[in-house]
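Engineer: Take a look at this one; I'll ask things after.
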Amino acid sequence: MTKRLLFISFLILLCTCKQEKKDSIPVKNPTRNTSIQYAKGFTVEKQPSGITILKVLSPWLNSEKTYTYALIPKEVQAKVSLNRNEYDAIISTPVEKIVLTSTTHIPALEELGLLDKLVGFPDTKYISSKAARKRIEAGQIQELGINENLNTEAVISLQPELIFGFSINGSNAVYETIQRANIPVVYNGDWVEETPLGKAEWIKFFAPFFNKTNEANLIFTEIEASYLEAKELAAKATKRPTVVSGALYKDVWYLPGGKSWAANFLRDANADYLWSTSNESGSLSLSWESVLDVAQHAEYWIGPAQYASYDEMKSSSQHYQQFDAFKNGKVFSTANTKGETGGTLYYELAPQRPDLVLKDLIYILHPGLLPNYEPFFFKPLL
């Protein structure tokens, strides 16, 4: 992966099946599923008939478009009458063949026991899941090019029942071509969520497509309990260490905004993130001088973008050596935790397992609170 793509991935982290009209069972008066507790980007509405109305409210940052999908159990399909103009896709469930477009989707599918439904993926070399890699090597998951330019012929030849799409602005001509071939694209906006538990709760977004809602609820409940227990432990720390984050890309220092996913991790870890009061939910773009002015004496440097070693940082910019955290060997990165083909595991698994991220941060920032813990994602810079 190029440095540019790695940096984009870092910023993001910090940051239709065709149906014929039938008689009977109209859709009306849906009841919202109140089990969505933290995620702000989607809703689930369940009908007494078994039909599920799923809405994606925030498919990308600052989106003004809401996507509405109707999920119809195959056993009631013959009795359903829907107005196709009211939905972005009408999909029969359970779905048997899908294409994913982001590695962040892989862990949810694996936890739900659904990897056998995945038939294609762009840039398969970046998938770190061991179970998924076995299926790739066995030819059960096909390579489909890159997300921004999917191989449409390869996608159409696989005949998936739907694609779980990922977009940063909604402009994707390839998705439009695929949809004209009667293959629906369902947008997943998990990356827009600001809170760790909100992002993890998107496992409940996948569940209704496969009749796995109960399983998803149980999985998320365990993750939630683990996260909240760690957060409560962090609150017992008597000191809140100061933290700087991010790094330079060309002449601009990108770091998490105060309302971002990454900043919320640091807040829950009981750390004093020095930009926690900013209102941005994405990244901030600053000069290195302004960062130095605020964070020269920060105790820790968490997440220096794609850098894996001090030598790599020094060769990239001499400015880094002016920070105390760099001088004192207190820089921690996820860049050295990789899958067998070189994919950064943090980008893939961290959204699904925020409890592990939080425990890593507590271990680093509050020595002694988790004495027997082995960090999973964040490791000292080499």
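Engineer: First check a/c for the range 149-253, with a ≥ b ≥ c the square roots of the eigenvalues of its C-alpha gyration tensor; if it is under 1.5, answer rounded, and if not, answer prolate when a/b is larger than b/c or oblate otherwise. Could you put the intermediate results ahead of the total?
Structural biologist: Values: a/c = 4.30, a/b = 1.52, b/c = 2.83.
Note, shape of the range 149-253 comes out oblate.
Engineer: May I pose another question? Out of (1) 1.09; (2) 1.14; (3) 0.99, which label holds the value of Rg/Rh (Cα atoms, Kirkwood Rh) that was computed here?
Structural biologist: (3)
Engineer: Going toward the positive end of the dipole of the chain, with +1 on Lys and Arg Cβ and -1 on Asp and Glu Cβ, which of TYR38, TYR310, ALA271 do you reach last?
Structural biologist: TYR38
Engineer: Okay, moving on. Could you work out the local net charge near THR221, counting Lys and Arg as +1, Asp and Glu as -1, over the other residues with Cβ closer than 15 Å to its Cβ? Numbers along the way, then the final one.
Structural biologist: Numbers: positive: LYS204, LYS212, ARG353; negative: GLU111, GLU201, GLU215, GLU222, GLU224, GLU229, ASP355.
Local charge sum for THR221: -4.
Engineer: Once phi is turned into θ = phi - 60°, what whole-Hz ³J(HN,Hα) does the Karplus curve with 6.51, -1.76 and 1.60 give for every residue of the range 325-330, x standing for Gly and Pro?
Structural biologist: Computed from phi, the couplings for the range 325-330 are 4, 5, 4, 8, x, 10 Hz.
Engineer: Considering only protein heavy atoms and a probe of 1.4 Å, how much of the accessible area of the chain is carbon and sulfur, as a whole percent? Display every interim value, and only then the final one.
Structural biologist: Details: 8040 of 16780 Å².
Carbon plus sulfur share of accessible area: 48 percent.
Engineer: For the range 301-309, in order, what is each residue's ³J(HN,Hα) by Karplus, 6.51 cos²θ - 1.76 cosθ + 1.60 with θ = phi - 60°, in whole Hz (x at glycine and Pro)?
Structural biologist: 10, 10, x, x, 6, 8, 6, 10, 8
Engineer: Mind checking which of THR152, GLN321, TYR373 is farthest towards the positive end of the chain's charge dipole, using Cβ charges of +1 (Lys, Arg) and -1 (Asp, Glu) about the Cα centre?
Structural biologist: Selected residue: THR152.
Engineer: Full-extension gain between ASN217 and LYS134, please, as 0.36 nm times their residue separation minus the C-alpha to C-alpha distance. Spell out each step's value before the answer.
Structural biologist: Details: separation 83, 0.36 × 83 = 29.88 nm, distance 2.73 nm.
Fully extending the segment from ASN217 to LYS134 adds 27.2 nm.
Engineer: Give, as a single signed number, the net charge of other residues whose beta carbon lies under 9 Å from the beta carbon of ALA230, with Lys and Arg counted +1 and Asp and Glu -1.
Structural biologist: Working: positive: LYS231, LYS359; negative: GLU229, GLU232, ASP268, ASP355.
Charge balance in the 9 Å sphere: -2.
Engineer: Give the accessible surface of the range 274-378 per residue, rounded to a whole number of Å², with probe radius 1.4 Å and ligands, DNA and RNA excluded. Walk me through the numbers on the way to the answer.
Structural biologist: On the way: 4460 Å² over 105 residues.
Value returned for the range 274-378: 42 Å² of accessible area per residue.
Engineer: Using each residue's phi in the range 355-363, evaluate 6.51 cos²θ - 1.76 cosθ + 1.60 at θ = phi - 60° and report the 3J(HN,Hα) Karplus result to the nearest Hz, with x for Gly and Pro.
Structural biologist: Running phi through 6.51 cos²θ - 1.76 cosθ + 1.60 with θ = phi - 60° gives 5, 6, 4, 5, 5, 4, 5, 5, 4 Hz.
Engineer: Which entries of LYS117/LYS212; LYS55/LYS130; LYS259/LYS314; LYS125/LYS359; LYS134/LYS379 show an alpha-carbon separation above 22 angstrom in the structure shown? Walk me through the numbers on the way to the answer.
Structural biologist: On the way: LYS117/LYS212 13 Å; LYS55/LYS130 32 Å; LYS259/LYS314 30 Å; LYS125/LYS359 28 Å; LYS134/LYS379 27 Å.
Listed pairs above 22 Å: LYS55/LYS130; LYS259/LYS314; LYS125/LYS359; LYS134/LYS379.
Engineer: Does the range 50-122 come out rounded, prolate or oblate, given a ≥ b ≥ c as the square roots of the eigenvalues of its C-alpha gyration tensor, rounded meaning a/c under 1.5 and, failing that, prolate meaning a/b above b/c? If you can, show how the numbers build up before the last one.
Structural biologist: Details: a/c = 2.42, a/b = 1.17, b/c = 2.06.
Note, shape of the range 50-122 comes out oblate.
Engineer: Compute, for the chain, the length of the dipole vector about the Cα centre, with Cβ point charges of +1 (Lys, Arg) and -1 (Asp, Glu) only. Units Debye, rounded to 20. All intermediate terms of the calculation are to be shown ahead of the outcome.
Structural biologist: Working: 39 positive and 42 negative charges, 90 e Å.
Charge dipole, the chain, about its Cα centre: 440 debye, nearest 20.
Engineer: What number, rounded to the nearest 500 deg cm²/dmol, is the helix-based mean residue ellipticity at 222 nm of the chain, given -39500 (n - 2.57) per DSSP H run of at least four residues and division by all its residues? Walk me through the numbers before you get to the answer.
Structural biologist: Values: 14 runs with 115 residues, N = 382.
My calculation for the chain gives -8000 deg cm²/dmol from helical runs alone.
The values are calculated or read from the model by the stated rules, or taken from the named source; none is laboratory data. Remember, it's a predicted structure, so these values are computed and weren't measured experimentally. Glycine also receives a Cβ, built like all others from the backbone with ideal geometry; neighbour counts cover every protein chain displayed. With ligands, DNA and RNA removed, areas are computed over all heavy atoms of the protein, side chains included. Shrake-Rupley method; radii C 1.70, N 1.55, O 1.52, S 1.80 Å.
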